[in-house]
Amino acid sequence: MAIVELTGLSYPAARLAIDLYEEGAAATLKPRPRARTPGDGRRLNADQEEEIRRMICDKRPEQLKMESALWTRGAVMLFI
């Protein structure tokens, strides 16, 4: 139970790791990257992103006939 407390793993996960290690399969215990890769899930291409970035820097939302006075996350979502 000390391993569970030290690692934050559940007991079944800790037990599985111990069993795999004892079987000599230590390579399976190597952590895998968990984060998304850069660019994964994007809906705009680089040119579209640059154009939107330029417009946000050059204009205020009210100049683009939007109801918001400032560029908030919601205003950017509506703009896109």
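Name the longest site-free stretch of the chain, where the excluded sites are GluC sites (Glu not before Pro) in a DSSP loop with no more than 16 other beta-carbon atoms within 10 Å.
24-66
With protein chains left intact and a 1.4 Å probe, residues in the chain average 92 Å² of accessible area per residue.
Once neighbouring chains are kept in place and the probe is 1.4 Å, which whole percent of the accessible area of the chain is contributed by carbon and sulfur? Looking at the chain in its full context, I get 55 percent from C and S. Contact order, relative form, for the chain: 12 percent (alpha carbon pairs under 8 Å, 6 or more residues apart, mean separation divided by residue count).
Could you size up the charge dipole of the chain around its Cα centre, putting +1 on the beta carbon of Lys and Arg and -1 on that of Asp and Glu, and report it in debye to the nearest 20?
On the way: 13 positive and 12 negative charges, 54 e Å.
It comes to approximately 260 debye.
Mean projected area of the convex hull spanned by the Cα atoms of the chain, taken over all viewing directions: 9.4 nm².
The values are calculated or read from the model by the stated rules, or taken from the named source; none is laboratory data. Computed from a predicted structure; not experimentally measured. Quick reminder, even Gly has a Cβ in these numbers, built from the backbone with ideal geometry, and neighbours come from all protein chains shown. Surface accessibility is based on the protein's heavy atoms, side chains included, excluding ligands, DNA and RNA. Shrake-Rupley method; radii C 1.70, N 1.55, O 1.52, S 1.80 Å.
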